[in-house]
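Beneath this line is the structure, given in structure tokens, with notes to follow.
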Amino acid sequence: MSDLTFNKIAGAVLVTALSIAGLKELSSAIFEKEPPEKPGYAIEVAEGGGEGGATAADLPPDWGTVLPVADVKAGEAVFQKCKSCHSIENGGANGTGPGLWGLLGRKPGSHAGFAYSAGMTEFGGKQPAWDFEHVYEFVKAPQKYIVGTKMGFIGLKKQEDRINLIAYLQTQGSTLSVPAPAPAAAAPAAPAEGAEPAEGAAAPAAPAAAPAAAPAK
């Protein structure tokens, strides 16, 4: 091989190597990314907790307020979901579940002739009676409220259905009295004279200045 041919080959190899190196530098410059301020993945969270915002906690209502105006007929319709296992007539026979006449005010696990689960018997040993709140929580999620109960019903998720059902049960031999409505929250008392208002409360308005005396004539 002549020196000229060797030089041509060497030059071609050198040019190719320089071209590749140049392309790498150019691509690095074009696609260079700034490092994130904080490591990890950024996850966008929608404001307001999703459509409709956050839902209020499902707390027991004020029974003295809701029961007098509850829809008993609607509660009777809700009870149709229970009739395959329970009777509601006075003196009705037990079925898959105990008879429910007089349930409200009755001691849990005490209906004659029914073989209760250990969980219900234990619950009855701690609670003197089925009151409005216990029934409200039990029919919402029976298996969660009393672990081991024989009641396989999935529960009533709607608060309105539970309230109406309890209003219906109240007409079926209940020995409970509907309580008086809870009193409205009292307005905060005014601070004593000379005392500083509570933190976060607005300061009392300063008394109006007395009108200036008219000049003597």
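For the reader, a short list of remarks on this structure follows.
- Looking across Ala201, Ala192, one residue alone is loosely packed, with under 10 Cβ neighbours inside 10 Å and modelled with pLDDT under 95. It is Ala192.
- Scanning region 173-181 turns up one or more residues that are at positive phi and either in contact with a strand residue (DSSP E or B) (Cβ under 6 Å, 6 or more places away or on another chain) or modelled with pLDDT of 60 or more (or both).
- Taking the criterion of being of a type outside the set (Asp, Glu), part of a loop (DSSP other than H, G, I, E, B), touching a residue at least 40 places away in the same chain (Cβ under 8 Å) and under 26 Å from Pro179 (Cβ atoms), the residues of region 120-158 that qualify are Ala129, Leu156.
- Residues that are assigned to a loop (DSSP other than H, G, I, E, B) and among the polar types (S, T, N, Q) were ranked within region 159-175; the one that is farthest from Val72 (Cα to Cα) is Thr175.
- Test: Ala93 is among the aliphatic types (A, V, I, L, M), modelled with pLDDT of 55 or more and not in a helix (DSSP H, G or I): yes
- Only residues that are surrounded by fewer than 14 Cβ atoms within 10 Å (Cβ to Cβ) and under 28 Å from the mean Cα position of the chain (by Cα) were counted in region 78-108, giving 1.
- Conditions (1) without any contact (Cβ under 8 Å) to a residue 60 or more places away in the chain; (2) over 17 Å from Ile154 (Cα atoms); (3) not basic (Lys, Arg); number of the one not met by Gln80: (2)
- Evaluation of Pro98 against the conditions (1) touching a His at 6+ places or on another chain (Cβ under 6 Å); (2) touching a residue at least 24 places away in the same chain (Cβ under 8 Å); (3) not polar (S, T, N, Q) shows that the sole unmet condition is (2).
- Single unsatisfied condition, Ser117 versus (1) polar (S, T, N, Q); (2) surrounded by fewer than 20 Cβ atoms within 10 Å (Cβ to Cβ); (3) closer than 21 Å to Asp58 by Cβ: (3)
The values are calculated or read from the model by the stated rules, or taken from the named source; none is laboratory data. This one's a predicted model, so the numbers in the text were calculated from it and none came from an experiment. No Cβ is skipped: glycine too gets one built from the backbone with ideal geometry, and neighbour counts run over all protein chains shown.
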